[in-house]
Structures are given as structure tokens and as C-alpha cells.
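Peer 1: Here it is: the structure, laid out below.
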Amino acid sequence: QKETDKSWLYGVTCKDGVVVGLDWSNNHLDGSLPEVIAGLSHLKLLNLSKNLLSGSIPESLFQLTSLLQIQFGTNSLSGSIPPTMGNMSQLTLLYLEENNLTGTLPTQLGLLTNLKALSLFNNKLEGKIPFELSDLTNLNSLFLDNNKLKGNVPYNLFISFHEIIDLRFKGNSDLTGTIPSFLKSMTNLSRLYLDGCQFTGSLPTEIGYLTSLTQLHLHKNDLEGSLPSELGSLKLVEELWLDNNRFRDGIPTELGMLTKMESLFLYRNELGTQKNNGVMVGIPTEIGLLFSSLKVLHLNANRIRGTIPTQLGLLTRLETLELDSNTLEGTVPDDLGTLSKLKEFTLFENRLTGIVPDSVCD
């Protein structure tokens, strides 16, 4: 065949008469991974994702040291990740997500120093995150979410990942430790998902260095202390999930400076309580004055007291407002009637008096 970049076989790419690419994704393929693929010594791209493949990953596959990309995600593959995968030093992309892989993360993954994307989420991987992953300094994305990983996240990961854009450890309920100040090194980070783990301690003020963040998910941990005012430096943030922790001492007015914010989840904390004197605090009026893009605001179950600020009526894009299960007093202000896009509004379990204005009900 003379054509350099085409093949008459579906999903096969050839160059100079040899096969360099196989893309048989989403084809209802079943059975085990064919070992015959190991004979394609010039193969660079291998995509078998979104099929019904089962069985283990054959070690013979990792003789293909010319491979740049492996995509086996969304199958039913089982067994462990072979340590011999570390031989594939040219690999830039490794997608094994949404399978039934078990065992620990092999330390040899740290040898894949050209990797830009490593996706292992939604498997049954266990054990600790190996220190050696910090050698993957070219990573743009690391997805380890929804496995059975445990122990502390090695701090050196937060120091080494200068290129990281998307980092996800969420849903590993036995991951522990604190969120280190070292994360300030990850200045390119756009999405950080650490929710559904057992992180403790306070949220470091260095979070303010992550000025590229658009999504920050820290909910369902055991974080405590005050919310740092440095969160106001995250000018690009659109989603901020801090619910289901033990944050106290009120809502920083600096959050109102996040003009791109669309969703703010602060429910089930202790934001209405100040640690030093136990005084109950309320909703700062600045939130209503400064937020311009907010669509979802959850402040319920926070022990917040005081009245509902009339300035919340300035959040004209708001679709969901949950203020229930607090200690709010007074009446529901007529100003909330300007929230014409509001679809969900909860106030139960407070100490409010009077009636809900017709303008709000309309």
C-alpha cells in the first residue's frame, strides 16, 4: 500500500506500509485483549475504549515501547496494572478508567516521565499513592478518583506537578492527611477535586495562589477552621464546593469578588459560629452586592442567625437559594421578589415570622 496515512481496514492507520494506529473504540468488542497486537512493533496509538473487553491486560503488550497513547477506558478489564508498563517510556497518554482493575498502583508508573494524561478513575485500586508519581512532572491531568486508595497523599506531588491542569482524587474515602501549603506550586491548575475523602485541618491561605482555578471541590471531608479570605483571589472560579465540612467563623466578604462564580455550596458547615466566643453570625450583605453570575447558593444547615439581607435580591441570575436549617429571624424581604429566575427556595427550620411576600411566590 502506497498511501502513508490511510488504510482500507476500519480504524487502522498505516504509515510507510506499517500499522501505526488502531482505533476500535465503541465497537461492542468483547472477550480478552488480543495478544497479537503485541506483534505490531511500530504501533503508536491504541484505542480500544468503550467496548466490552474483559480479562487482564497482557504483559506482552508492554513490549511495544513505541506506543504513545493507550486508551482502554470503559471496559470490564480486571487484574492489576502490570509493573512492566514502566517500560513504555515514550507513553504520553494512559487511559484505563472505568474498568475493574485491582491491586496497588505500581511504583514503575513513575518511569513514564513523558506522560501528560493518566486516567485510572472508577476502578478498585487500593493501597497508597506511590511517592514515585511525583516524577511525572509533565502531567496535565491525573484522575485517581473513585477507587479504594488510602493513606496520605505524598506532599511532593503538590510540589512537582507544575504543569497540572486537572487533578482528581475524589471518592477515595480512606485518603487522609491535610491539604498542604505546597499546592501553591500548581499555578496552572484549573480543576481540583478532593471531595469525598478524609482530609482534615484547615484550608491553607496558599489556596489563593491557584489563580487559574475554575472548579474547586473540597466537600465531604473533615476540614475545619475559617475560610481564608484568599479565596477571593480565585477570579476565574465558577464552582466552589465546600459543603459537608466543619468550617466556622462566617462567610468571608471576599467571596463576593468572584464575579464568575455560578455555584456556591457552603451547606452543612458551622459558618454561623465563631470559634473564639461562640457568637452566631449572619449572612454578609456584600455577597448580594458583589456576586454577578451566581445561579446556585446553598447556605443551609450552618447555624447562621440574623435577618435575610435585602441585598440578596440583587442576585438576579439566582435559580436556587437554600437557607433552611439555620437560625434566621425577621421577615422574608420583598426584595427577593426580583429573583425572577428562582426555581428552588428553601426556608424551613428557621425563626422567621410573617408571611412570604407574593412577589417571591410569583
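The values are calculated or read from the model by the stated rules, or taken from the named source; none is laboratory data. Every value quoted in this text rests on a predicted model; they were computed, and no experiment measured them. We place every Cβ from the backbone using ideal geometry, glycine too, and count neighbours over all the protein chains shown.
Peer 1: Looking at region 38-61, which of its residues are within 14 Å of Leu77 (Cβ to Cβ) and of a type in the set (A, V, I, L, M)?
Peer 2: Leu46, Leu48, Leu52, Leu53, Ile57, Leu61
Peer 1: I would also like to ask the following. With the condition being of a type outside the set (Val, Ile, Thr), touching a Phe, Trp or Tyr at 6+ places or on another chain (Cβ under 9 Å) and over 23 Å from Pro82 (Cβ atoms), I'd like the strands (runs of 3 or more DSSP E) fully within region 116-169 carrying at least 3 qualifying residues. Walk me through how you get there before you give the answer.
Peer 2: Values: elements: 117-119, 141-143, 148-152, 166-168.
Here the list reads 166-168.
Peer 1: Next question. Determine, yes or no, whether Asn99 is out of contact with any Ser or Thr (no Cβ under 8 Å at 6 or more places or on another chain), assigned to a loop (DSSP other than H, G, I, E, B) and either in contact (Cβ under 8 Å) with a residue 12 or more places away in the chain or under 19 Å from Ile70 (Cα atoms) (or both). Walk me through it before giving the result.
Peer 2: Details: out of contact with any Ser or Thr (no Cβ under 8 Å at 6 or more places or on another chain): no; assigned to a loop (DSSP other than H, G, I, E, B): yes; either in contact (Cβ under 8 Å) with a residue 12 or more places away in the chain or under 19 Å from Ile70 (Cα atoms) (or both): yes.
Considered against the rule, which asks whether it is out of contact with any Ser or Thr (no Cβ under 8 Å at 6 or more places or on another chain), assigned to a loop (DSSP other than H, G, I, E, B) and either in contact (Cβ under 8 Å) with a residue 12 or more places away in the chain or under 19 Å from Ile70 (Cα atoms) (or both), Asn99 comes out as no.
Peer 1: Can you find, within region 333-362, the residue that is modelled with the highest pLDDT among those that are closer than 13 Å to Ile308 by Cα, of a type in the set (A, V, I, L, M, F, W, C) and part of a loop (DSSP other than H, G, I, E, B)?
Peer 2: Restricting to residues being closer than 13 Å to Ile308 by Cα, of a type in the set (A, V, I, L, M, F, W, C) and part of a loop (DSSP other than H, G, I, E, B), the top hit is Leu347.
This table checks each residue for (1) among the acidic types (Asp, Glu); (2) touching a helix residue (DSSP H, G or I) at 6+ places or on another chain (Cβ under 7 Å); (3) in contact (Cβ under 8 Å) with a residue 60 or more places away in the chain.
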{"position": "Thr113", "(1), (2), (3)": "no, yes, no"}
{"position": "Glu126", "(1), (2), (3)": "yes, no, no"}
{"position": "Leu144", "(1), (2), (3)": "no, no, no"}
{"position": "Phe161", "(1), (2), (3)": "no, no, no"}
{"position": "Ile164", "(1), (2), (3)": "no, no, no"}
{"position": "Gly171", "(1), (2), (3)": "no, no, no"}
{"position": "Phe182", "(1), (2), (3)": "no, yes, no"}
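Peer 1: Among the candidates Thr253, Thr327, Thr259, which residue alone is more than 29 Å from Arg191 (Cβ to Cβ) and of a type in the set (S, T, N, Q)? Before you say what the answer is, go through the steps one by one.
Peer 2: On the way: Thr253 fails: more than 29 Å from Arg191 (Cβ to Cβ); Thr259 fails: more than 29 Å from Arg191 (Cβ to Cβ).
Answer to the check: Thr327.
Peer 1: Consider only pairs whose beta carbons are under 6 Å apart and that are at least six residues apart or on different chains; among these, list those whose first residue lies in region 188-210 and is touching a residue at least 24 places away in the same chain (Cβ under 8 Å) and on the phi < 0 side of the Ramachandran plot and whose second residue is of a type in the set (S, T, N, Q) and surrounded by 20 or more Cβ atoms within 10 Å (Cβ to Cβ).
Peer 2: So the pair list comes out as Cys197/Asn172; Cys197/Asn221; Phe199/Asn221.
Peer 1: Something else: Take the residues in region 197-254 that are acidic (Asp, Glu) and modelled with pLDDT under 95, then tell me which one is surrounded by the fewest Cβ atoms within 10 Å (Cβ to Cβ).
Peer 2: Step one: of region 197-254, the residues acidic (Asp, Glu) are 206, 222, 224, 230, 238-239, 243, 249, 254.
Subset that is modelled with pLDDT under 95: 249, 254.
Working: Asp249: 17, Glu254: 19.
This residue is Asp249.
Peer 1: Okay, moving on. Condition first: touching a Gly at 6+ places or on another chain (Cβ under 8 Å), within 11 Å of Ile179 (Cβ to Cβ) and part of a loop (DSSP other than H, G, I, E, B). Now tell me which residues in region 198-220 satisfy that.
Peer 2: Ser202, Leu203
Peer 1: Also, I was wondering about something else. Please indicate, with yes or no, whether at least one residue in region 103-111 is in contact (Cβ under 8 Å) with a residue 40 or more places away in the chain, over 19 Å from Phe158 (Cα atoms) and touching a Lys or Arg at 6+ places or on another chain (Cβ under 9 Å).
Peer 2: So far as region 103-111 goes, no, none of its residues is in contact (Cβ under 8 Å) with a residue 40 or more places away in the chain, over 19 Å from Phe158 (Cα atoms) and touching a Lys or Arg at 6+ places or on another chain (Cβ under 9 Å).
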